[in-house]
1. For region 3-174, take N as its residue count and report Rg(C-alpha) divided by 2.2 N^0.38 Å.
2. Considering only L241, L37, L353, give the residue with the highest GNM mean-square fluctuation for the chain, with springs between Cα atoms whenever their separation is below 10 Å.
3. Using a Förster radius of 25 Å, what is the FRET efficiency between K68 and N2 based on their Cβ-Cβ separation? Nearest 0.05, please.
4. Would you compute, from DSSP H runs of 4+ residues alone, the mean residue ellipticity of the chain at 222 nm, taking -39500 (n - 2.57) per run and dividing by the full residue count, rounded to the nearest 500?
5. Return the sequence-ordered ³J(HN,Hα) values of region 210-223 in whole Hz as given by the Karplus equation 6.51 cos²θ - 1.76 cosθ + 1.60 applied to θ = phi - 60°, using x for Gly and Pro.
6. So, in Å, what gap is there between the alpha-carbon centers of region 312-367 and region 379-402?
7. Specify the residue with the greatest mean-square fluctuation among D342, D315, D234, computed from a Gaussian network of the chain linking alpha-carbon atoms under 10 Å apart.
8. Hey, any idea what % of the chain's accessible area is carbon plus sulfur with a 1.4 Å probe?
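The values are calculated or read from the model by the stated rules, or taken from the named source; none is laboratory data. Here the structure is a predicted model, which means the values were calculated and not measured. Virtual Cβ from ideal backbone geometry, glycine too; neighbours counted across all protein chains shown. The accessibility values were calculated without ligands, DNA or RNA, using every heavy atom of the protein model including side chains. Shrake-Rupley method; radii C 1.70, N 1.55, O 1.52, S 1.80 Å.
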Amino acid sequence: MNVQAQLAKGSFQCHCGRVHQCDTTLLRIERGVLKELGTILAGFHHLLVISDGNTRPLCGQAVIQVLKDQGFTVDEAFFNQKTVLVPDEKAIAAVEAVYTEGTQAIIGVGSGVINDLSKYIAFTHGIPSMIVATAPSMDGFASSGAVMMLGGFKVTCTRKAPRWIVGDIDILTAAPMEMIRSGIGDILGKYSALSDWKLAHILSTDPMCDLIYQMVEEELEACVDNIPKIMERDPDAIGRLMESLAIVGISLAYQGSSRPASGSEHLISHFFELTSIMKNKPYFPHGIDVGYAAVIAEILRKQLLQEDPGTFATDFNRREWEAGLQDVFGEMAEDIITLQDDAKTYTTDRSALIRENWEAIQDILGQTPGVEFMVEKLEAAGFHLDEFIALYGWDSIRSGVLYATDLKTRYTLLELLSDTGYLKRYATALKF
Ligand SMILES: [Zn+2]
Ligand SMILES: [Zn+2]
């Protein structure tokens with residue numbers, strides 16, 4: 001698919017019956033693209049640039065200089081820190097303090113968090129945002145969702161995707177290796193996410209679209225083939241990875257949700273991020289958690305494939321569940337219980353539907369490439385399961401499998417395991 005041509009259309013009627021739309025109109029990952037900023041932003045005069053202690057020296061200063069040289073008025077929200085910026089109320093207030101009535105666009109220089117913050121602020125004021133990507137670290141660049149930390153909760157706010165996504169290949173190639181590996185991990189998680197999407201299409205209400213599915217699958221395959229070159233920092237391979245991440249993000253805008261790119265593996269990764277933040281403990285960058293979680297999901301997927309559907313029966317025990325949530329999530333447990341009660345997650349009996357569709361479900365579970373393949377690809381990208389176990393420990397990993405599904409109301413392999421009565425059994429016995 002020619003993505004740039006597709007983007008230029010804005011919205012289009014798809015053969016799946018829906019109209020797909022993306023607010024991003026331009027994706028340019030190339031050498032020297034910063035010099036083009038004035039042309040790309042023609043018609044705008046007053047901009048607000050957001051950067052932090054890592055991205056300002058790397059690229060933010062150059063962006064500001066280029067824009068000033070080309071006659072723009074530039075205000076700056078600079079987070080003078082090298083540690084991970086948390087996109088919370090405090091960060092929002094810091095940008096709002098610099099925003100003026102005349103600001104016409106927000107220019108974020110960075111990757112995940114700065115892009116989310118830019119999208120969030122731009123939407124509040126009804127103006128467009130741009131992301132100047134500094135690392136190919138995750139797939140949210142073109143997503144319309146802004147993942148924020150509000151009231152202590154990780155919430156995805158519906159905003160607009162950045163109108164422009166640009167990245168200079170030389171800057172992306174020099175990104176920290178951990179960020180690059182995070183981008184690979186986020187993409188490798190798509191085997192699991194796409195599989196879960198197909199499950200949800202049968203067992204829940206998620207609409208399927210072949211075009212979007214193929215977009216994601218194509219980028220996944222391109223990345224898998226390129227892992228050795230990406231790890232050598234080959235500029236073309238890194239540029240391609242960045243493009244893949246952006247295109248996956250565009251597919252999410254088309255779908256109107258993160259469904260094509262985020263399934264059980266993302267729920268498990270969210271669990272580690274959230275519980276680590278709660279306990280003030282270290283955690284891996286997003287895509288690295290996703291990569292490891294994708295191995296866990298693959299283990300569970302292939303286990304269920306072997307079971308006899310005659311044994312499927314939910315073994316949900318409410319008292320045990322509530323106590324477990326309180327133990328793992330503390331104060332947040334109450335909100336999680338309400339979320340799942342409102343969605344009728346544990347009062348919906350899907351066992352007949354699952355048995356009826358077991359052949360199709362088996363096909364779906366069987367189509368993913370297998371545990372060995374996942375481990376091999378991740379190892380090629382410098383992931384070592386020992387490091388994952390060492391950071392989180394088995395108790396937390398098993399809790400993650402058991403309770404990650406409760407963080408959202410999204411049908412994935414984890415809910416299928418719960419519906420069939422295997423979730424707790426697999427979580428308790430998990431090893432690799
Ligand atoms: Zn479609
Ligand atoms: Zn992700």
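1. Details: Rg = 15.5 Å, N = 172, 2.2 N^0.38 = 15.6 Å.
Output field value: 0.99.
2. In this elastic network of the chain, the residue with the biggest mean-square fluctuation among L241, L37, L353 is L353.
3. Working: r = 34 Å, r/R0 = 1.38.
Result of the calculation: an efficiency of 0.15.
4. On the way: 20 runs with 232 residues, N = 432.
About -16500 deg cm²/dmol.
5. Calculated HN-Hα couplings, in order: 5, 5, 5, 4, 5, 4, 5, 4, 4, 5, 4, 5, 4, 5 Hz.
6. 23 Å
7. Largest GNM mean-square fluctuation: D342.
8. Details: 8700 of 17480 Å².
Of the solvent-accessible surface of the chain, carbon and sulfur hold 50 percent.
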